[in-house]
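This report concerns only the one structure given below.
Only the coordinates and a few stated rules stand behind these numbers; no lab work does. Everything numeric here is computed off the predicted structure, so don't read it as measured data. Here Cβ is always computed from backbone atoms with ideal geometry, including for glycine, and neighbour counts include all displayed protein chains.
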Amino acid sequence: MKKRKKKRRRQQAKVHKFRGVIVAILTSRKLREMNGNELVEKLREFRLEVSKEIASSAVGGTVKNSGRIREAKRTIARILTIQNERRAREVEK
């Protein structure tokens, strides 16, 4: 039996459907292409989104898409990681 090589798909900005709601995912590659100011702006956007969703659920409202909160938190972590890597590179120089 022949072994097939797995084709490595190029990662692109993915869009998933979670319970009928579309969730856009920013990959690390896309985030690394952004400059520092763009990353700070995206970080603000995602933090605001998470705080709004958490506040609406705390008031007693239903969360439309709980997966969106999780993905936003992960994207925040990705952004912070990239910022820390860039700071570490600057310190080394």
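In plain terms, the chain from ALA58 to VAL91 could stretch by 7.7 nm, reckoned as 0.36 nm per residue minus the Cα-Cα distance. The peptide list 74-87, 31-44, put in order of mean Cβ contacts within 10 Å with the highest first, becomes 74-87, 31-44.
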